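Report on one structure; see the data block that follows.
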Amino acid sequence: PLDGHFLRYRIQSDRKVAVCSVHPSEQATLQCLGCVKAKIPVAKSYHCSPKCFSDAWQHHRVLHDRAASAVNENGNEEEEIFGRFNSSGSGVINASLTGSASSTSLTNGSTPLYPAAVTQRSGGETWFEVGRSKTYTPTADDIGHVLKFECVVVDVETKLPVGHPNTILTSRVIPAPSPSPRRLIPVSGADMMGHLDSDGRISSSGTFTVLSYNILSDSYASSELYSYCPSWALSWPYRRQNLLREIVGYRADIVCLQEVQSDHFEEFFAPELDKHGYQALYKRKTNEVYTGNTHTIDGCATFFRRDRFSHVKKYEVEFNKAAQSLTEVAVQTTQKKAALNRLVKDNVALIVVLEAKFSNQGADNPGKRQLLCVANTHVNVQQELKDVKIWQVHTLLKGLEKIAASADIPMLVCGDFNSVPGSAPHSLLAMGKVDPLHPDLLIDPLAILRPHSKLTHQLPLVSAYSSFARGVGL
(Lines give C-alpha, C1' and ligand atoms only; values in the text may rest on other atoms or scores of the structure.)
Protein backbone atom coordinates (compact mmCIF):
# COMPACT_ATOMS: atom_id res chain seq x y z
CA PRO A 1 0.00 0.00 0.00
CA LEU A 2 1.08 3.58 -0.73
CA ASP A 3 -0.20 6.32 1.59
CA GLY A 4 -2.88 3.98 2.87
CA HIS A 5 -4.16 2.98 -0.55
CA PHE A 6 -3.64 0.18 -3.05
CA LEU A 7 -4.90 -0.72 -6.52
CA ARG A 8 -7.58 -3.31 -7.12
CA TYR A 9 -7.87 -4.88 -10.55
CA ARG A 10 -10.80 -6.61 -12.19
CA ILE A 11 -11.28 -8.08 -15.66
CA GLN A 12 -14.79 -8.63 -16.98
CA SER A 13 -16.28 -10.14 -20.12
CA ASP A 14 -19.51 -9.17 -21.88
CA ARG A 15 -20.59 -12.79 -22.22
CA LYS A 16 -24.34 -12.97 -22.58
CA VAL A 17 -24.98 -16.24 -20.76
CA ALA A 18 -23.00 -18.15 -18.17
CA VAL A 19 -23.88 -21.81 -17.64
CA CYS A 20 -23.93 -23.65 -14.33
CA SER A 21 -20.87 -25.90 -13.93
CA VAL A 22 -23.00 -28.57 -12.21
CA HIS A 23 -26.22 -28.29 -14.22
CA PRO A 24 -25.21 -27.30 -17.79
CA SER A 25 -28.84 -26.85 -18.81
CA GLU A 26 -29.31 -24.08 -16.23
CA GLN A 27 -28.17 -20.47 -16.47
CA ALA A 28 -25.70 -19.47 -13.75
CA THR A 29 -26.67 -16.89 -11.14
CA LEU A 30 -23.70 -17.30 -8.77
CA GLN A 31 -19.95 -17.24 -9.21
CA CYS A 32 -17.31 -18.42 -6.74
CA LEU A 33 -14.82 -15.56 -6.59
CA GLY A 34 -12.35 -17.85 -4.86
CA CYS A 35 -12.04 -19.64 -8.18
CA VAL A 36 -11.47 -16.34 -9.94
CA LYS A 37 -8.78 -15.39 -7.45
CA ALA A 38 -7.05 -18.77 -7.72
CA LYS A 39 -7.19 -18.62 -11.55
CA ILE A 40 -9.23 -21.80 -11.70
CA PRO A 41 -10.97 -22.10 -15.11
CA VAL A 42 -13.84 -19.62 -15.00
CA ALA A 43 -16.40 -22.14 -16.27
CA LYS A 44 -15.97 -24.16 -13.06
CA SER A 45 -16.89 -21.17 -10.87
CA TYR A 46 -20.51 -20.80 -12.05
CA HIS A 47 -23.57 -22.19 -10.21
CA CYS A 48 -27.26 -21.86 -10.85
CA SER A 49 -28.42 -21.34 -7.23
CA PRO A 50 -27.20 -21.13 -3.62
CA LYS A 51 -28.42 -24.70 -3.07
CA CYS A 52 -26.45 -25.90 -6.11
CA PHE A 53 -23.34 -24.24 -4.75
CA SER A 54 -23.91 -25.68 -1.28
CA ASP A 55 -24.57 -29.21 -2.53
CA ALA A 56 -21.47 -29.16 -4.73
CA TRP A 57 -19.20 -27.66 -2.08
CA GLN A 58 -17.35 -30.83 -1.06
CA HIS A 59 -16.34 -31.47 -4.67
CA HIS A 60 -15.82 -27.79 -5.41
CA ARG A 61 -13.56 -27.42 -2.40
CA VAL A 62 -11.05 -29.79 -4.03
CA LEU A 63 -10.45 -27.16 -6.72
CA HIS A 64 -9.62 -24.62 -4.02
CA ASP A 65 -7.27 -26.98 -2.22
CA ARG A 66 -5.35 -27.68 -5.43
CA ALA A 67 -4.91 -23.97 -6.06
CA ALA A 68 -4.10 -23.01 -2.46
CA SER A 69 -0.34 -22.89 -2.82
CA ALA A 70 -0.52 -20.64 -5.89
CA VAL A 71 -2.98 -18.26 -4.27
CA ASN A 72 -0.99 -17.99 -1.05
CA GLU A 73 1.82 -16.49 -3.10
CA ASN A 74 -0.35 -13.42 -3.74
CA GLY A 75 0.59 -12.06 -0.31
CA ASN A 76 -1.10 -10.32 2.58
CA GLU A 77 -2.61 -7.55 0.50
CA GLU A 78 -4.94 -9.89 -1.38
CA GLU A 79 -5.68 -11.83 1.79
CA GLU A 80 -7.14 -8.64 3.23
CA ILE A 81 -9.36 -8.25 0.18
CA PHE A 82 -10.44 -11.83 -0.38
CA GLY A 83 -9.87 -13.50 2.98
CA ARG A 84 -7.65 -16.43 3.84
CA PHE A 85 -7.66 -19.12 1.17
CA ASN A 86 -6.17 -22.46 2.14
CA SER A 87 -7.05 -25.90 3.43
CA SER A 88 -8.40 -24.52 6.71
CA GLY A 89 -10.68 -21.93 5.20
CA SER A 90 -11.85 -20.16 2.09
CA GLY A 91 -12.92 -16.58 1.69
CA VAL A 92 -14.86 -14.98 -1.13
CA ILE A 93 -16.44 -11.57 -1.42
CA ASN A 94 -20.03 -11.48 -0.15
CA ALA A 95 -22.54 -10.11 -2.64
CA SER A 96 -26.29 -10.24 -2.96
CA LEU A 97 -27.69 -12.38 -5.73
CA THR A 98 -29.43 -11.02 -8.77
CA GLY A 99 -33.06 -12.02 -8.44
CA SER A 100 -32.46 -13.79 -5.11
CA ALA A 101 -33.14 -12.80 -1.53
CA SER A 102 -29.82 -13.87 -0.06
CA SER A 103 -26.99 -16.34 -0.47
CA THR A 104 -26.56 -19.54 1.46
CA SER A 105 -23.69 -19.36 3.91
CA LEU A 106 -21.19 -22.19 3.75
CA THR A 107 -18.46 -22.90 6.25
CA ASN A 108 -15.06 -24.37 5.57
CA GLY A 109 -13.11 -24.46 8.80
CA SER A 110 -13.47 -21.18 10.64
CA THR A 111 -14.09 -18.94 7.64
CA PRO A 112 -17.54 -18.50 6.05
CA LEU A 113 -17.80 -18.79 2.29
CA TYR A 114 -20.21 -16.66 0.27
CA PRO A 115 -20.76 -17.00 -3.46
CA ALA A 116 -21.10 -13.73 -5.36
CA ALA A 117 -23.64 -12.60 -7.91
CA VAL A 118 -22.52 -13.81 -11.30
CA THR A 119 -23.24 -10.59 -13.18
CA GLN A 120 -22.74 -6.89 -12.84
CA ARG A 121 -25.05 -4.67 -14.82
CA SER A 122 -23.78 -1.33 -16.09
CA GLY A 123 -25.66 0.89 -18.51
CA GLY A 124 -27.89 -1.95 -19.64
CA GLU A 125 -24.90 -4.21 -20.30
CA THR A 126 -24.15 -7.45 -18.50
CA TRP A 127 -20.55 -8.20 -17.49
CA PHE A 128 -19.12 -11.41 -16.10
CA GLU A 129 -16.04 -11.28 -13.94
CA VAL A 130 -13.19 -13.43 -15.28
CA GLY A 131 -10.15 -12.20 -13.37
CA ARG A 132 -8.79 -10.11 -10.51
CA SER A 133 -5.17 -9.58 -11.45
CA LYS A 134 -3.13 -6.98 -13.28
CA THR A 135 -2.81 -9.25 -16.31
CA TYR A 136 -5.19 -11.63 -18.03
CA THR A 137 -4.76 -14.08 -20.89
CA PRO A 138 -7.97 -14.62 -22.87
CA THR A 139 -9.30 -18.17 -23.07
CA ALA A 140 -11.43 -19.97 -25.63
CA ASP A 141 -14.50 -18.91 -23.62
CA ASP A 142 -13.67 -15.25 -24.34
CA ILE A 143 -13.71 -15.58 -28.14
CA GLY A 144 -16.17 -13.13 -29.66
CA HIS A 145 -16.50 -11.09 -26.48
CA VAL A 146 -15.22 -7.71 -25.34
CA LEU A 147 -13.08 -7.60 -22.20
CA LYS A 148 -13.15 -4.74 -19.73
CA PHE A 149 -10.14 -4.03 -17.53
CA GLU A 150 -10.94 -2.05 -14.40
CA CYS A 151 -8.52 -0.43 -11.95
CA VAL A 152 -9.64 1.42 -8.83
CA VAL A 153 -7.89 2.94 -5.83
CA VAL A 154 -8.97 1.27 -2.58
CA ASP A 155 -8.59 2.53 0.98
CA VAL A 156 -6.58 0.03 3.04
CA GLU A 157 -8.64 0.46 6.21
CA THR A 158 -12.18 0.59 4.84
CA LYS A 159 -11.53 -1.64 1.79
CA LEU A 160 -13.79 0.75 -0.12
CA PRO A 161 -13.02 2.32 -3.50
CA VAL A 162 -11.79 5.90 -3.56
CA GLY A 163 -13.20 7.72 -6.55
CA HIS A 164 -14.37 6.18 -9.80
CA PRO A 165 -12.62 3.21 -11.42
CA ASN A 166 -10.62 3.62 -14.61
CA THR A 167 -11.67 1.17 -17.31
CA ILE A 168 -10.35 0.05 -20.68
CA LEU A 169 -12.37 -1.90 -23.24
CA THR A 170 -10.67 -4.28 -25.65
CA SER A 171 -11.69 -5.26 -29.12
CA ARG A 172 -13.54 -8.55 -29.39
CA VAL A 173 -11.34 -11.54 -28.69
CA ILE A 174 -10.50 -13.47 -31.84
CA PRO A 175 -9.49 -17.14 -32.01
CA ALA A 176 -5.87 -18.09 -32.47
CA PRO A 177 -5.13 -19.14 -36.04
CA SER A 178 -5.11 -22.83 -36.76
CA PRO A 179 -1.58 -24.15 -37.17
CA SER A 180 -0.63 -24.46 -40.81
CA PRO A 181 0.35 -27.97 -41.89
CA ARG A 182 4.00 -28.37 -42.72
CA ARG A 183 4.44 -28.27 -46.48
CA LEU A 184 7.60 -30.05 -47.54
CA ILE A 185 8.80 -29.31 -51.05
CA PRO A 186 8.65 -32.54 -53.07
CA VAL A 187 12.11 -33.22 -54.46
CA SER A 188 12.70 -36.11 -56.82
CA GLY A 189 15.05 -38.65 -55.28
CA ALA A 190 14.85 -37.31 -51.73
CA ASP A 191 12.83 -40.27 -50.51
CA MET A 192 15.48 -42.67 -51.84
CA MET A 193 18.23 -40.80 -50.00
CA GLY A 194 16.59 -41.41 -46.67
CA HIS A 195 16.68 -37.74 -45.71
CA LEU A 196 13.23 -37.19 -44.29
CA ASP A 197 10.16 -39.09 -43.25
CA SER A 198 6.76 -37.74 -44.25
CA ASP A 199 6.60 -35.69 -41.04
CA GLY A 200 10.00 -34.09 -41.61
CA ARG A 201 11.99 -36.17 -39.13
CA ILE A 202 15.32 -37.71 -40.03
CA SER A 203 14.93 -41.39 -40.90
CA SER A 204 18.55 -42.51 -41.25
CA SER A 205 21.18 -42.80 -38.54
CA GLY A 206 24.11 -40.42 -38.40
CA THR A 207 22.07 -37.52 -39.76
CA PHE A 208 20.18 -34.69 -38.07
CA THR A 209 18.04 -31.66 -38.87
CA VAL A 210 18.81 -27.98 -38.23
CA LEU A 211 16.57 -24.92 -38.06
CA SER A 212 17.88 -21.34 -38.27
CA TYR A 213 15.31 -18.59 -37.68
CA ASN A 214 15.38 -14.84 -37.05
CA ILE A 215 12.24 -14.48 -34.96
CA LEU A 216 12.16 -10.63 -35.00
CA SER A 217 12.72 -9.14 -31.57
CA ASP A 218 9.67 -7.46 -30.10
CA SER A 219 11.76 -4.30 -29.67
CA TYR A 220 11.98 -4.03 -33.48
CA ALA A 221 8.40 -5.09 -34.27
CA SER A 222 6.99 -1.58 -34.57
CA SER A 223 4.05 -0.38 -36.64
CA GLU A 224 6.39 2.16 -38.27
CA LEU A 225 8.60 -0.59 -39.68
CA TYR A 226 5.74 -3.00 -40.40
CA SER A 227 2.87 -0.69 -41.33
CA TYR A 228 1.28 -3.41 -43.47
CA CYS A 229 0.78 -5.62 -40.41
CA PRO A 230 -2.06 -4.99 -37.89
CA SER A 231 -0.88 -4.06 -34.41
CA TRP A 232 -2.50 -7.10 -32.77
CA ALA A 233 -0.51 -9.40 -35.04
CA LEU A 234 2.71 -7.63 -34.02
CA SER A 235 2.02 -7.95 -30.30
CA TRP A 236 4.44 -10.26 -28.54
CA PRO A 237 1.87 -12.35 -26.59
CA TYR A 238 0.27 -13.23 -29.93
CA ARG A 239 3.47 -13.80 -31.90
CA ARG A 240 5.26 -15.86 -29.29
CA GLN A 241 2.62 -18.59 -29.32
CA ASN A 242 2.74 -18.80 -33.10
CA LEU A 243 6.54 -18.89 -33.05
CA LEU A 244 6.61 -21.63 -30.44
CA ARG A 245 4.08 -23.73 -32.33
CA GLU A 246 6.04 -23.34 -35.56
CA ILE A 247 9.44 -24.08 -34.01
CA VAL A 248 8.18 -27.15 -32.17
CA GLY A 249 6.38 -28.30 -35.30
CA TYR A 250 9.62 -28.45 -37.28
CA ARG A 251 10.98 -30.99 -34.76
CA ALA A 252 14.56 -29.98 -35.58
CA ASP A 253 17.42 -31.57 -33.67
CA ILE A 254 19.29 -28.24 -33.48
CA VAL A 255 17.55 -24.84 -33.42
CA CYS A 256 19.44 -21.56 -33.92
CA LEU A 257 17.40 -18.42 -33.24
CA GLN A 258 18.41 -14.81 -33.74
CA GLU A 259 16.91 -11.60 -32.29
CA VAL A 260 15.81 -13.33 -29.09
CA GLN A 261 15.24 -10.81 -26.31
CA SER A 262 16.96 -11.79 -23.08
CA ASP A 263 13.76 -11.66 -21.03
CA HIS A 264 11.88 -13.67 -23.67
CA PHE A 265 14.61 -16.30 -23.62
CA GLU A 266 14.57 -16.66 -19.84
CA GLU A 267 10.82 -16.40 -19.30
CA PHE A 268 9.45 -18.10 -22.40
CA PHE A 269 11.66 -19.89 -24.93
CA ALA A 270 14.01 -21.70 -22.55
CA PRO A 271 11.26 -23.09 -20.27
CA GLU A 272 8.82 -23.83 -23.10
CA LEU A 273 11.32 -25.62 -25.32
CA ASP A 274 12.64 -27.46 -22.28
CA LYS A 275 9.21 -29.10 -22.09
CA HIS A 276 9.84 -30.43 -25.60
CA GLY A 277 13.23 -31.91 -24.76
CA TYR A 278 15.56 -29.05 -25.73
CA GLN A 279 18.53 -27.71 -23.81
CA ALA A 280 19.16 -23.98 -24.27
CA LEU A 281 22.23 -21.74 -24.56
CA TYR A 282 22.21 -17.97 -25.06
CA LYS A 283 24.50 -15.07 -25.92
CA ARG A 284 23.13 -11.60 -25.44
CA LYS A 285 24.37 -8.46 -27.10
CA THR A 286 26.22 -5.93 -24.98
CA ASN A 287 24.21 -2.75 -25.58
CA GLU A 288 20.60 -2.31 -24.54
CA VAL A 289 18.05 -0.66 -26.81
CA TYR A 290 15.53 1.86 -25.47
CA THR A 291 12.13 1.12 -27.00
CA GLY A 292 10.16 4.07 -25.62
CA ASN A 293 9.21 2.70 -22.23
CA THR A 294 11.94 0.24 -21.30
CA HIS A 295 15.43 -0.97 -22.14
CA THR A 296 15.70 -4.30 -23.93
CA ILE A 297 18.48 -6.40 -25.35
CA ASP A 298 18.44 -9.32 -27.76
CA GLY A 299 20.90 -12.00 -28.81
CA CYS A 300 21.37 -15.46 -30.26
CA ALA A 301 19.90 -18.63 -28.74
CA THR A 302 20.85 -22.19 -29.63
CA PHE A 303 18.75 -25.19 -28.63
CA PHE A 304 19.45 -28.88 -29.11
CA ARG A 305 17.54 -32.04 -28.35
CA ARG A 306 18.88 -33.68 -25.20
CA ASP A 307 18.15 -37.15 -26.57
CA ARG A 308 20.32 -36.45 -29.63
CA PHE A 309 23.20 -34.34 -28.31
CA SER A 310 25.02 -33.36 -25.13
CA HIS A 311 26.74 -30.03 -24.44
CA VAL A 312 30.55 -30.08 -24.39
CA LYS A 313 31.73 -26.48 -24.60
CA LYS A 314 30.58 -22.95 -25.34
CA TYR A 315 32.39 -19.98 -26.93
CA GLU A 316 31.11 -16.43 -27.20
CA VAL A 317 32.11 -13.85 -29.82
CA GLU A 318 31.53 -10.15 -29.29
CA PHE A 319 32.38 -8.29 -32.49
CA ASN A 320 32.65 -5.06 -30.48
CA LYS A 321 35.70 -6.41 -28.66
CA ALA A 322 37.21 -7.62 -31.92
CA ALA A 323 36.60 -4.16 -33.42
CA GLN A 324 38.36 -2.46 -30.53
CA SER A 325 41.36 -4.79 -30.86
CA LEU A 326 41.50 -4.24 -34.62
CA THR A 327 41.33 -0.47 -34.19
CA GLU A 328 44.18 -0.49 -31.71
CA VAL A 329 46.62 -2.34 -33.97
CA ALA A 330 45.53 -1.63 -37.55
CA VAL A 331 44.03 1.86 -37.67
CA GLN A 332 45.91 5.14 -37.63
CA THR A 333 45.49 7.30 -34.54
CA THR A 334 43.66 10.02 -36.46
CA GLN A 335 41.08 7.49 -37.67
CA LYS A 336 40.51 5.51 -34.47
CA LYS A 337 37.35 7.37 -33.41
CA ALA A 338 35.80 7.10 -36.88
CA ALA A 339 36.83 3.44 -37.05
CA LEU A 340 35.13 2.61 -33.76
CA ASN A 341 31.96 4.43 -34.81
CA ARG A 342 31.86 2.36 -37.98
CA LEU A 343 32.91 -1.04 -36.64
CA VAL A 344 31.27 -1.20 -33.21
CA LYS A 345 27.79 -2.53 -34.01
CA ASP A 346 27.07 -4.84 -31.07
CA ASN A 347 26.64 -8.01 -33.12
CA VAL A 348 27.53 -11.32 -31.49
CA ALA A 349 27.99 -15.01 -32.21
CA LEU A 350 27.36 -18.07 -30.06
CA ILE A 351 29.52 -21.13 -30.72
CA VAL A 352 28.57 -24.45 -29.13
CA VAL A 353 30.41 -27.77 -29.25
CA LEU A 354 28.05 -30.75 -29.04
CA GLU A 355 28.59 -34.48 -28.81
CA ALA A 356 26.22 -36.71 -30.76
CA LYS A 357 24.44 -39.47 -28.87
CA PHE A 358 23.69 -41.35 -32.08
CA SER A 359 26.18 -43.38 -34.11
CA ASN A 360 27.45 -42.60 -37.57
CA GLN A 361 27.51 -45.95 -39.35
CA GLY A 362 29.72 -44.63 -42.11
CA ALA A 363 32.40 -43.23 -39.83
CA ASP A 364 35.98 -44.47 -40.23
CA ASN A 365 36.36 -44.84 -36.46
CA PRO A 366 32.95 -45.76 -35.00
CA GLY A 367 34.31 -45.68 -31.44
CA LYS A 368 35.47 -42.06 -31.70
CA ARG A 369 33.45 -39.27 -30.07
CA GLN A 370 31.16 -37.64 -32.62
CA LEU A 371 31.67 -33.92 -31.98
CA LEU A 372 29.99 -31.06 -33.82
CA CYS A 373 30.65 -27.32 -33.61
CA VAL A 374 27.56 -25.14 -34.16
CA ALA A 375 27.97 -21.40 -34.74
CA ASN A 376 24.96 -19.10 -34.48
CA THR A 377 25.36 -15.43 -35.39
CA HIS A 378 23.55 -12.28 -36.44
CA VAL A 379 25.56 -10.05 -38.77
CA ASN A 380 25.06 -6.29 -39.09
CA VAL A 381 21.99 -5.31 -41.09
CA GLN A 382 23.05 -1.93 -42.54
CA GLN A 383 23.49 -2.35 -46.28
CA GLU A 384 25.81 0.65 -46.58
CA LEU A 385 28.30 -1.03 -44.22
CA LYS A 386 29.34 -3.83 -46.57
CA ASP A 387 32.89 -3.73 -45.21
CA VAL A 388 31.60 -4.33 -41.68
CA LYS A 389 29.54 -7.32 -42.82
CA ILE A 390 32.51 -8.92 -44.57
CA TRP A 391 34.81 -8.21 -41.62
CA GLN A 392 32.38 -9.73 -39.11
CA VAL A 393 31.96 -12.91 -41.20
CA HIS A 394 35.73 -13.18 -41.73
CA THR A 395 36.38 -12.69 -38.00
CA LEU A 396 33.92 -15.45 -37.12
CA LEU A 397 35.38 -17.87 -39.67
CA LYS A 398 38.93 -17.32 -38.41
CA GLY A 399 37.77 -18.16 -34.91
CA LEU A 400 36.07 -21.31 -36.15
CA GLU A 401 39.24 -22.31 -37.99
CA LYS A 402 41.13 -22.31 -34.69
CA ILE A 403 38.49 -24.53 -33.07
CA ALA A 404 38.49 -26.92 -36.02
CA ALA A 405 42.28 -27.16 -36.02
CA SER A 406 42.47 -27.91 -32.31
CA ALA A 407 39.81 -30.61 -32.24
CA ASP A 408 39.44 -31.89 -35.82
CA ILE A 409 35.74 -31.15 -35.56
CA PRO A 410 33.12 -30.56 -38.28
CA MET A 411 31.50 -27.14 -38.46
CA LEU A 412 27.91 -26.00 -38.85
CA VAL A 413 27.47 -22.24 -39.38
CA CYS A 414 23.97 -20.80 -38.97
CA GLY A 415 22.63 -17.30 -38.62
CA ASP A 416 21.14 -14.23 -40.19
CA PHE A 417 23.96 -12.83 -42.31
CA ASN A 418 21.82 -10.07 -43.86
CA SER A 419 23.42 -10.99 -47.18
CA VAL A 420 22.16 -12.47 -50.43
CA PRO A 421 23.72 -15.20 -52.59
CA GLY A 422 26.50 -13.71 -54.65
CA SER A 423 27.40 -11.07 -52.07
CA ALA A 424 30.91 -10.99 -50.65
CA PRO A 425 29.92 -12.43 -47.23
CA HIS A 426 28.05 -15.29 -48.92
CA SER A 427 30.97 -16.00 -51.26
CA LEU A 428 33.40 -16.04 -48.34
CA LEU A 429 31.22 -18.49 -46.43
CA ALA A 430 30.29 -20.87 -49.22
CA MET A 431 33.36 -20.71 -51.45
CA GLY A 432 36.12 -19.94 -48.98
CA LYS A 433 37.25 -16.76 -50.74
CA VAL A 434 36.11 -13.50 -52.29
CA ASP A 435 36.93 -12.38 -55.81
CA PRO A 436 39.32 -9.40 -55.49
CA LEU A 437 37.19 -7.58 -58.07
CA HIS A 438 33.93 -8.12 -56.19
CA PRO A 439 32.01 -4.81 -56.07
CA ASP A 440 31.35 -5.16 -52.33
CA LEU A 441 35.08 -4.70 -51.71
CA LEU A 442 34.97 -1.18 -53.14
CA ILE A 443 33.43 0.03 -49.88
CA ASP A 444 36.36 -0.10 -47.46
CA PRO A 445 37.10 3.38 -46.05
CA LEU A 446 39.22 2.00 -43.19
CA ALA A 447 41.17 -0.44 -45.39
CA ILE A 448 40.31 -3.28 -42.99
CA LEU A 449 39.73 -5.71 -45.88
CA ARG A 450 43.15 -5.22 -47.46
CA PRO A 451 44.91 -7.08 -48.83
CA HIS A 452 41.92 -8.82 -50.36
CA SER A 453 43.92 -12.02 -50.57
CA LYS A 454 43.48 -12.49 -46.81
CA LEU A 455 39.72 -12.93 -47.21
CA THR A 456 39.88 -16.71 -47.23
CA HIS A 457 39.33 -19.67 -44.91
CA GLN A 458 40.10 -23.38 -44.97
CA LEU A 459 36.86 -24.71 -43.52
CA PRO A 460 35.07 -27.16 -45.87
CA LEU A 461 31.80 -25.21 -45.82
CA VAL A 462 29.10 -25.43 -48.47
CA SER A 463 25.63 -23.95 -48.70
CA ALA A 464 23.07 -26.33 -47.20
CA TYR A 465 20.58 -25.37 -49.92
CA SER A 466 22.90 -25.92 -52.87
CA SER A 467 24.36 -29.08 -51.34
CA PHE A 468 20.92 -30.64 -50.96
CA ALA A 469 19.90 -29.57 -54.45
CA ARG A 470 23.00 -31.16 -55.98
CA GLY A 471 22.47 -34.33 -53.95
CA VAL A 472 19.03 -34.91 -55.46
CA GLY A 473 20.07 -34.01 -58.98
CA LEU A 474 18.65 -30.51 -59.31
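The values are calculated or read from the model by the stated rules, or taken from the named source; none is laboratory data. Everything numeric in this text was worked out from a predicted model, so none of it was measured. All Cβ positions, even for glycine, are placed from backbone atoms using ideal geometry, and neighbour counts span all protein chains on display.
Only one of V413, V388, V353 is within 24 Å of L326 (Cα to Cα), among the aliphatic types (A, V, I, L, M) and assigned to a strand (DSSP E or B). Can you tell me which?
When all the criteria are applied, what remains is V413.
Taking the conditions exactly as written (of a type in the set (S, T, N, Q) and assigned to a strand (DSSP E or B)), does T377 satisfy them or not?
So T377 fits the description; yes.
Could you say whether any residue in region 284-307 is closer than 22 Å to R369 by Cα, touching a Gly at 6+ places or on another chain (Cβ under 9 Å) and surrounded by fewer than 19 Cβ atoms within 10 Å (Cβ to Cβ)?
Yes.
Any residue at all in region 322-331 that is buried (at least 16 other Cβ atoms within 10 Å of the Cβ), within 26 Å of L372 (Cβ to Cβ) and touching a strand residue (DSSP E or B) at 6+ places or on another chain (Cβ under 8 Å)?
Looking through region 322-331, none of the residues is buried (at least 16 other Cβ atoms within 10 Å of the Cβ), within 26 Å of L372 (Cβ to Cβ) and touching a strand residue (DSSP E or B) at 6+ places or on another chain (Cβ under 8 Å).
Which condition breaks for A330 when tested against (1) more than 26 Å from D307 (Cβ to Cβ); (2) at pLDDT 90 or above?
Evaluating A330 over (1) more than 26 Å from D307 (Cβ to Cβ); (2) at pLDDT 90 or above leaves (2) as the failure.
Considering (1) within 18 Å of the chain's Cα centre (by Cα); (2) of a type outside the set (A, V, I, L, M); (3) assigned to a strand (DSSP E or B), say which one H276 fails and leave the rest.
(3)
Just checking, how many residues over region 440-451 are free of Cβ contacts under 8 Å to residues at least 60 places away in the same chain and in contact with a Lys or Arg (Cβ under 9 Å, 6 or more places away or on another chain)?
Residues that pass the stated criteria total 5.
Scan region 221-237 residue by residue and report those that are without any contact (Cβ under 8 Å) to a residue 60 or more places away in the chain and part of a helix (DSSP H, G or I).
S231, A233, L234, W236
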